[in-house]
Amino acid sequence: MIAILEIILRLALWLVLAPLLPGIINKVKAWVAGRKGPPVLQLYYDLARLWQKGVVLSTLASPGFIAGPAVAWVALVGAALLLPLGPAGSALSFRGDVLLLVYLFAVARFCTAWAALETGSAFEGMGAAREVSYAVLAEAALITGILSLSVQTGSVTLAAMLSQPVGAGAVLLAAGLFAVLLAENCRVPFDDPNTHLELTMIHEVMVLDHSGPPLAAVLHGAAVKLLLFAVLLSQAVLPLNGLPPLLAAVTLGAAVLVVTVGVGLVESLLARFAFRRVPLLLTTAFLLCLFALLLAWKGGAT
Amino acid sequence: MNTTVNLLIGLAMGLNLLALGSSRLPSIIRAMSVQGMALGLLPLLLEHELDWRVVAVALVTVAVKGFVIPQLLRRAMRAANIEREVEPFIGFVPSLLLGAAGTVAAVAGARALLLLPEHAGTLLVPGALASIFTGLILLVARAKAISQVCGYLIMENGIYLFGLLLIHSTPLLVESGILLDVTVGIFVTGIIVDRIQRAFDSLDTRKLTVLRE
């Protein structure tokens with residue numbers, strides 16, 4: 001009973017806190033640009049508004065068009081349950097759960113791309129193709145980063161991998177995972193979430209034909225994904241397990257905030273890269289994670 | 001002491017990759033000059049007692065590699081009106097991967113070598129091998145004459161790192177002699193680049209292989 005209650009509480013925490021992050025990012029961007037900007041809670045209002053709206057369905061679309069966002073949302077929330085929160089551990093933990101985490105991300109991406117293809121629009125197909133071709137490189141970097149954590153701690157359980165103090169490769173790993181975070185969440189050097197210009201859109205173009213509750217699921221899922229990556233990055237770099245619970249929670253929150261503000265700053269200070277430059281950046285992220293892996297493997301070989 | 005040395009050499013290895021990945025000439029020149037400065041500081045850390053000659057050579061190295069040579073290159077760039085974009089024969093991603101593979105191979109291969117016990121713990125040999133390899137890639141894979149010069153300089157940085165292994169048995173005068181040669185070489189290259197630009201309207205080495213009236 002207690003366990004079920006705890007899972008529900010954690011779930012509520014993830015679901016409620018996630019839409020805060022895009023709000024903070026937008027506020028930081030507005031602040032750097034000297035604007036007032038939308039309120040931090042804007043995404044909550046948007047979600048509430050979208051939830052009450054009806055759905056416009058194409059006659060061509062199969063039920064996959066509705067199922068795609070739903071499955072993607074469930075996969076991301078499932079991933080959130082797997083991720084441990086400092087000394088509190090994770091809601092679900094078993095040997096090899098890190099593989100499930102990676103695959104849940106992949107399922108979410110597959111479903112979003114699938115729903116985009118369901119519309120039959122060439123434009124959305126292009127967005128799906130772009131998303132998937134970036135994901136190939138970003139996933140390689142993510143898996144290499146996770147592998148370096150695994151080698152460092154000699155474990156394939158997320159709770160054990162993220163709890164031990166990190167070695168010399170932490171800086172490399174942090175830089176690599178940050179680039180992956182930007183790519184996976186369609187943030188600025190890779191994609192511009194604010195434009196509606198057809199040449200530059202990636203994630204936005206995939207969800208153009210969604211409306212009402214499915215669009216709300218897509219937007220909320222994206223926010224959960226951003227929070228997931230921010231928490232993963234913070235815990236991969238900071239050893240939280242030695243701290244008392246309250247301090248650990250505060251540290252984790254502060255670290256997530258720092259990552260979020262960092263994303264906002266990157267978005268305001270960098271321009272979106274041309275498509276041909278993106279693989280270079282993702283390869284750099286892969287190499288950073290690879291060097292972190294080598295450092296972990298050789299036991300701080302410096 | 002060893003940690004600082006390794007940190008500086010690690011920085012140099014990172015700058016190698018930066019030089020391979022950047023598509024603009026000024027950033028390659030900047031990477032090369034920062035690398036030169038980082039490596040120029042090494043004799044100060046490696047010598048146990050600070051001789052005034054060691055300090056002088058370190059200062060001259062930092063000044064020449066960090067300021068004089070980059071300034072000469074920038075001036076040559078300005079004088080010859082070179083576009084800033086680098087044209088690669090081998091794309092940026094493949095050359096970056098090649099450089100990373102070279103760095104990994106250098107770190108792995110240096111373990112197989114028979115080194116003196118005082119050198120086995122440092123990154124001197126891997127850093128030297130990685131820099132030489134990076135310089136080689138830059139020399140082979142870039143079309144612009146100035147980026148090839150940068151490749152040559154990164155290679156020279158690698159050779160300089162190798163020379164630091166023998167710091168106790170070779171006089172630093174040899175090292176400063178090499179430094180002088182390099183500086184003069186860059187000076188002459190700067191002039192030649194300007195002349196080539198005037199005579200052929202291009203610094204693309206692909207066009208320079210064809211003889212014409």
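See the values below:
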| read-out | value |
| --- | --- |
| Residue that is modelled with the highest pLDDT [pool: residues in the stretch A:171-189 that are assigned to a helix (DSSP H, G or I) and surrounded by fewer than 19 Cβ atoms within 10 Å (Cβ to Cβ)] | A:Ala175 |
| Subset of the stretch B:1-52 [among the polar types (S, T, N, Q) and either touching a helix residue (DSSP H, G or I) at 6+ places or on another chain (Cβ under 8 Å) or open to solvent by 30 Å² or more (accessible area, probe 1.4 Å) (or both)] | B:Asn2, B:Thr3, B:Thr4, B:Asn16, B:Ser22, B:Ser23, B:Ser27, B:Ser33, B:Gln35 |
| Verdict on B:Val104 being within 14 Å of chain A (Cβ to nearest Cβ), over 18 Å from the mean Cα position of the chain (by Cα) and not in a loop (DSSP other than H, G, I, E, B) | yes |
| Residue match in the stretch A:52-70 (condition: basic (Lys, Arg) and either part of a helix (DSSP H, G or I) or out of contact with any Gly (no Cβ under 6 Å at 6 or more places or on another chain) (or both)) | no |
| Verdict on A:Thr153 being among the hydroxyl-bearing types (Ser, Thr, Tyr) and out of contact with any Lys or Arg (no Cβ under 7 Å at 6 or more places or on another chain) | yes |
| Complete set of residues in the stretch B:52-88 that are more than 19 Å from B:Thr189 (Cβ to Cβ) and of a type in the set (D, E, K, R) | B:Arg53, B:Glu85 |
| Residue within the stretch A:215-233 that is within 13 Å of chain B (Cβ to nearest Cβ), buried (at least 22 other Cβ atoms within 10 Å of the Cβ) and within 22 Å of A:Ala108 (Cα to Cα) present | no |
| Complete set of residues in the stretch B:158-188 that are open to solvent by less than 60 Å² (accessible area, probe 1.4 Å) and within 24 Å of B:Glu85 (Cα to Cα) | B:Gly185, B:Ile186 |
| Count - residues of the stretch B:106-142 that are out of contact with any Pro (no Cβ under 7 Å at 6 or more places or on another chain) and either open to solvent by 70 Å² or more (accessible area, probe 1.4 Å) or hydrophobic (A, V, I, L, M, F, W, C) (or both) | 23 |
| Sole exception among (1) open to solvent by less than 30 Å² (accessible area, probe 1.4 Å); (2) part of a helix (DSSP H, G or I); (3) of a type in the set (Ser, Thr, Tyr) for A:Tyr103, by number | (1) |
| Boolean, B:Leu124 is facing another protein chain (nearest Cβ under 9 Å) and at pLDDT 85 or above | no |
| First in the stretch A:273-290 and more than 9 Å from every other protein chain (Cβ to nearest Cβ), second anywhere and basic (Lys, Arg), Cβ under 8 Å, 6 or more apart | A:Phe275/A:Arg130 |
| Test for B:Gly151: is it open to solvent by less than 10 Å² (accessible area, probe 1.4 Å) and either within 14 Å of chain A (Cβ to nearest Cβ) or part of a loop (DSSP other than H, G, I, E, B) (or both) | no |
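The values are calculated or read from the model by the stated rules, or taken from the named source; none is laboratory data. This is a predicted model, so every value here is computed, not measured. Neighbour counts are summed over all protein chains in view; Cβ atoms, including those assigned to glycine, are modelled from backbone coordinates with ideal geometry. Side chains included, ligands, DNA and RNA excluded: accessible areas come from the protein's heavy atoms. Shrake-Rupley method; radii C 1.70, N 1.55, O 1.52, S 1.80 Å.
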